[in-house]
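Here the structure is laid out as structure tokens; the discussion comes afterwards.
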Amino acid sequence: MADILGIHHMSAISGPAQENLHFYAKVLGLRLVKLTVNFDDPSAYHLYYGDGLGNPGTLLTFFPYPGGRPGRPGAGQTTVTHLSIPKGAMAYWVNRFKQFDVDFDRPTSKDGRDAVRFRAPDGLLLELVATSDYIEPAPWTKWTVPHDKAIGGIHSFTLVEREIGPTRAVLEKDLGFKLVSENGGRFRFEVGRGGPQKTVDVLVDPDGPSGREGHGSVHHIAFRTPTSESQANRRQILLDHGFRVSPVKDRDYFQSIYFREPGGVLFEIATDKPGFQVDEPEPELGSALQLPQQFSDIRAQIEKALPKLELV
Ligand code: ZN
């Protein structure tokens, strides 16, 4: 079971690309590590943010669909993406949220962790979590926040489900997570040593509304596996357990398989390799539009259709 290493990335449907770029690169201080298009719809951008190298576990990716209807949080969805910050950095972030007019809730302190919930301009719900086991992000030279305050990638996700049983079975039997606590309907699962990038919370809400996909909602979450061999093994196990699993899809920066867990949340298993330096070296990550091979001969057409974007 050691072939699921933790969280790889989160992908969400967002508001306009420029607004998204301002919020994640400027306000949150993440690095735009790849600017590309949706491989299934090259008329739309796909933006990837992460640490200085775009390491798995630090990646937030967005499909801007500004004309679409807004999402609604609820059962069958990933409702909160929790991001790690160093212990002691909370006051800095609260000040920064005030400075940039970010919609945030009063910070909380429980179970030994300080947290503050906030919303992206398109409504996506996020939370900063300050913990002592914070993982330092790979640095880069143009960060807009001091390195000792920087977001260290994804801490965990909260999924909302109507019942715990079926989702618990997938996390434990198919992905190698362990249930470590239960508190007020919140079930915490960890893989490996647990902590940041290795935790998933399932919040059980039997009677709440169903989630609806739209801008400001998470489209899917992805777990890490080291190689295409370990991914193939995992795929076979999922098929043997009766899941409908997609074929392996080449996403250029990793390879992916997808399946829906019984509560409705779309899960992906993505390989660590080849990573984001496959088409541009580290100093140039995110500095120009990169297209997959199959679109290279229609680059001019694609560029013309995409909204102009001013990199921050
Ligand atoms: Zn994905």
note = Out of HIS82, HIS155, HIS241, a Gaussian network model of the chain with alpha-carbon springs under 10 Å gives the largest mean-square fluctuation to HIS241
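Order of 45-51, 100-106, 296-302, 117-123 by packing, highest average Cβ count within 10 Å first?
Numbers: 45-51: 23.7, 100-106: 12.6, 296-302: 11.0, 117-123: 18.7.
Top of the packing list down: 45-51, 117-123, 100-106, 296-302.
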inquiry  = What does the C-alpha gyration tensor say about the overall shape of the chain? Classify as rounded when a/c is under 1.5, otherwise prolate if a/b is larger than b/c, or oblate.
reply    = rounded
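With +1 on each Lys and Arg Cβ and -1 on each Asp and Glu Cβ, how big is the dipole of the chain about its Cα centre, in debye rounded to the nearest 20? Walk me through the numbers before you get to the answer.
Details: 35 positive and 39 negative charges, 91 e Å.
Dipole size: approximately 440 debye.
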message = Check which residues have an amide H placed less than 5 Å from ALA75's amide H, if you skip close sequence neighbours.
response = SER210, GLY211
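Sorting check: for 225-231, 108-114, 281-287, which peptide has the highest mean count of neighbouring beta carbons within 10 Å, and how do the rest follow?
Numbers: 225-231: 17.1, 108-114: 11.9, 281-287: 14.0.
By packing density, highest mean first, the sequence is 225-231, 281-287, 108-114.
Calculate how many DSSP beta bridges within the range 2-100 are antiparallel, expressed in % of all such bridges and rounded to the nearest 5. Don't jump to the answer; show the numbers that get you there.
Values: 10 of 16 bridges.
The antiparallel proportion sits near 60 percent.
Can you tell me the accessible area per residue over the range 6-305, all protein chains present, probe 1.4 angstrom, in square angstrom? Mind dumping the intermediate values first?
On the way: 12590 Å² over 300 residues.
Spelled out: the 1.4 Å probe surface of the range 6-305, per residue, equals 42 Å².
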ask   = Can you list the HN-Hα couplings for the range 129-139, worked out from phi with the Karplus curve (6.51, -1.76, 1.60; θ = phi - 60°), rounded to whole Hz and with x for Gly and Pro?
value = 10, 9, 9, 6, 9, 3, 9, 5, x, 4, x
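Between ASP148 and GLU310, what's the calculated FRET efficiency when r is the beta-carbon distance and R0 is 25 Å? Round to 0.05.
Values: r = 29 Å, r/R0 = 1.15.
With a Förster radius of 25 Å, E is 0.30.
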task = Enumerate the calculated ³J(HN,Hα) couplings along the range 118-124 in order (Karplus 6.51 cos²θ - 1.76 cosθ + 1.60, θ = phi - 60°), each rounded to whole Hz, writing x wherever the residue is Gly or Pro.
result = 8, 10, 6, x, 8, x, 4
request  = Output the antiparallel fraction of DSSP beta bridges having both residues in the chain, as a percent to the nearest 5.
outcome  = 65
task = Identify all lysines with a Cα-Cα distance to LYS149 below 24 Å; exclude those on the same chain that are fewer than 8 residues away in sequence.
result = LYS26, LYS34, LYS87, LYS98, LYS110, LYS198
query = Rank MET10, MET90 by accessible area, highest first, at a 1.4 Å probe radius?
reply = MET90, MET10
message = So if I take the centroid of the Cα atoms in the range 200-273 and the same for the range 140-162, what is the distance between those two points in Å?
response = 21
key: Protein accessible area in the chain, 1.4 Å probe - carbon and sulfur %   = 50
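The values are calculated or read from the model by the stated rules, or taken from the named source; none is laboratory data. Here the structure is a predicted model, which is why all the values come from computation and not from measurement. Note that each Cβ is placed from the backbone with ideal geometry, even for glycine, and that neighbours are counted across all protein chains shown. What goes into the accessible areas is simple: the full protein's heavy atoms, side chains included, and nothing from ligands, DNA or RNA. Shrake-Rupley method; radii C 1.70, N 1.55, O 1.52, S 1.80 Å.
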